[in-house]
Every structure is written in C-alpha cells, then in structure tokens.
1. I need a count of the residues in the stretch 39-62 that are closer than 16 Å to Asn76 by Cβ and touching a helix residue (DSSP H, G or I) at 6+ places or on another chain (Cβ under 9 Å).
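The values are calculated or read from the model by the stated rules, or taken from the named source; none is laboratory data. Not measured: the values here are computed from a predicted model. Here the Cβ is made from the backbone with ideal geometry for all residues, glycine too, and neighbour counts use every protein chain on show. Just the protein is used for accessible areas: all its heavy atoms, side chains included, with ligands, DNA and RNA removed. Shrake-Rupley method; radii C 1.70, N 1.55, O 1.52, S 1.80 Å.
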Amino acid sequence: MAAISLYHFLLLTLFPTLGGAGIDACKEARCGHKGPLIRFPFRLNFLQPEHCGHPEFTLTCNPNNQTLLQLPSSVNLL
C-alpha cells in the first residue's frame, strides 16, 4: 500500500514538471520593454516555437524593438 502511495506522489509531483516544458515555451513575449504582449494566434519569430502561433501571424522585431508584421504582399506593418 505504501508503494502505491509513493508511486502516486511521485507521479503527481514529477508529471507537471516534465509536462510544463512545452507550456513555458509558449508564454507571452514582446519585442521591447513597452511593446505589446505577443500570444496565440501570433508568435514572435526566433523567441517562440512554431507551434505557438499560426504560420501567417509570425511577428518579428525591428532594430528599434518595434513589433513588425510582414504581409505576403511585401507590406510591413508596425
């Protein structure tokens, strides 16, 4: 009985630690200190994994730490 309780204790304490790595990878990001928070369906390129956002909503940061959305028609929106 004690072995089963120990098993459940370890399972419940270790599982969130192991499973939490994927969740942390998708936490909010921003380009600059005052930039908007970026979260799903948007994703910040190079800072968040591809599974964290829709492929057409990938954002980048310009050299001035402004959030940039590049449209397929070669238009960049800040």
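1. The qualifying residues number 3.
Each row is one residue, and each column tells you yes or no for (1) open to solvent by 100 Å² or more (accessible area, probe 1.4 Å); (2) at pLDDT below 90.
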| position | (1), (2) |
| --- | --- |
| Leu18 | yes, yes |
| Ala29 | no, no |
| Leu44 | no, no |
| Gln48 | no, no |
| Thr58 | no, no |
| Asn65 | no, no |
| Leu68 | no, no |
| Pro72 | yes, yes |
| Val75 | no, yes |
